[in-house]
Amino acid sequence: MGKITVPIICSMKHNEKIVMVTAYDAPTAKIVDEAGVDIVLVGDSLGNVIQGAPNTLSVTMDEMIYHTKLVSRGIKNAHLCADMPFMSFQSSSADAVRNAGRFIKETGAESVKLETTVDYIDTIKAIRKAGIPVMGHIGLRPQSVHDMGGYKLQGREKSEGNKLIALAKEIEDAGAFSVVLESIPQKLAKKITRAINIPTIGIGAGQDCDGQVLVINDLVGLSEEPLPKFVKKYAEIRKTMTKATKDFVNEVRNGAFPSSEHSYD
Ligand code: KIV
């Protein structure tokens with residue numbers, strides 16, 4: 001498999017499903033790249049899953065730059081997308097372009113993602129004007145957790161759903177190459193996917209999206225329960241790590257480790 005580029009991602013709509021996962025460090029990036037994912041996203045979800053914060057709001061540009069650099073070292077083929085953290089683009093389009101540019105110049109990221117409302121259509125246009133590919137993100141926007149009153153399904157009401165369809169079209173017209181649909185009803189995700197010509201990548205948005213994304217810690221079973229309904233665990237890494245560590249604790253305490261096999265003569 002060769003390098004996955006933005007035009008390749010766009011051409012996958014209608015042809016094959018796009019697979020995106022998050023990563024926050026080099027070894028994980030290498031594993032998911034070698035497993036064949038199309039896009040690696042350095043999500044600001046690192047606030048929750050790496051930093052142990054209650055939400056993503058405290059994540060800084062410098063932290064995102066650091067983690068994106070690490071991830072970039074592990075990737076050979078996948079497209080690398082960096083998430084614009086809270087207040088890296090909300091203050092002005094000029095700040096947005098400067099910060100998106102930092103990702104491209106300093107980390108090896110090939111595109112940026114930003115949580116999008118109608119207020120940030122011009123921001124997408126400004127970043128695009130600088131030649132930087134942009135992924136939109138609509139529906140549940142974790143950076144607006146206080147505004148939304150929690151992590152809730154979005155677009156259930158018809159009027160809300162219609163607004164999201166219109167917003168997805170505006171995001172496409174602004175020049176974004178794809179859009180994440182988070183926590184919206186499956187039927188609405190299908191309508192949005194049919195209404196636009198750029199790929200939709202769903203998380204909690206059902207099977208009709210052009211692609212799917214999950215947070216890596218969730219999909220390998222490293223995250224603490226409870227997990228959202230849309231998460232499927234493909235492994236039980238948390239249980240495996242706990243058992244391995246407990247075995248080490250016991251063997252050190254009872255003298256079984258290190259044996260001669262793990263010692264030098
Ligand atoms: O921050 C993140 O990891 C994300 C994905 C879940 C889409 O935005």
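Of note:
- Residue in region 243-256 that is in contact with a helix residue (DSSP H, G or I) (Cβ under 6 Å, 6 or more places away or on another chain) and either surrounded by 10 or more Cβ atoms within 10 Å (Cβ to Cβ) or in a loop (DSSP other than H, G, I, E, B) (or both) present: no
- Among the residues making up region 230-240, those that are farther than 19 Å from GLN51 by Cα and either at pLDDT below 95 or not in a loop (DSSP other than H, G, I, E, B) (or both) are LYS239, THR240.
- Qualifying residue in region 211-225 (condition: under 24 Å from LYS125 (Cα atoms) and either at pLDDT below 95 or more than 20 Å from the chain's Cα centre (by Cα) (or both)): no
- Taking residues in region 248-261 that are at pLDDT 95 or above, and partners anywhere that are polar (S, T, N, Q), the pairs with Cβ atoms closer than 8 Å and at least 6 places apart or on different chains are ALA256/ASN250.
- Scanning region 218-247 for residues that are without any contact (Cβ under 8 Å) to a residue 12 or more places away in the chain and in the same structural domain as GLU182 (by TED's automatic domain parsing) turns up GLU225, PRO226, LEU227.
- Taking the criterion of being farther than 16 Å from TYR151 by Cβ and more than 13 Å from the ligand (Cβ to nearest atom), the residues of region 38-72 that qualify are ASP38, GLY52, SER58, THR60, MET61, ASP62, ILE65, TYR66, LYS69, LEU70, SER72.
- Among the candidates ILE9, ILE4, residue that is in contact with a Phe, Trp or Tyr (Cβ under 7 Å, 6 or more places away or on another chain) and touching a residue at least 40 places away in the same chain (Cβ under 8 Å): ILE9
- Test for LEU222: is it more than 20 Å from GLU182 (Cβ to Cβ) and in a loop (DSSP other than H, G, I, E, B): yes
- Cβ-Cβ contacts under 6 Å between residues 6 or more apart (or on different chains), taken from a first residue in region 141-165 that is within 24 Å of THR56 (Cα to Cα) to a second residue that is open to solvent by less than 80 Å² (accessible area, probe 1.4 Å) and in a helix (DSSP H, G or I), are listed as GLY155/GLY161; GLY155/LEU164; GLY155/LEU188.
- For region 194-214, the set of residues classified as within 16 Å of the ligand (Cβ to nearest atom) and without any contact (Cβ under 8 Å) to a residue 40 or more places away in the chain consists of THR200, GLY202, ILE203, GLY206, CYS209, listed by residue number.
The values are calculated or read from the model by the stated rules, or taken from the named source; none is laboratory data. Just so it is clear, the structure is predicted and the values come from calculations on it, not from any experiment. Positions of Cβ are generated from backbone atoms using ideal geometry, with glycine treated the same way; all protein chains shown enter the neighbour counts. These accessible areas exclude ligands, DNA and RNA; they are computed on the full protein's heavy atoms, side chains included. Shrake-Rupley method; radii C 1.70, N 1.55, O 1.52, S 1.80 Å.
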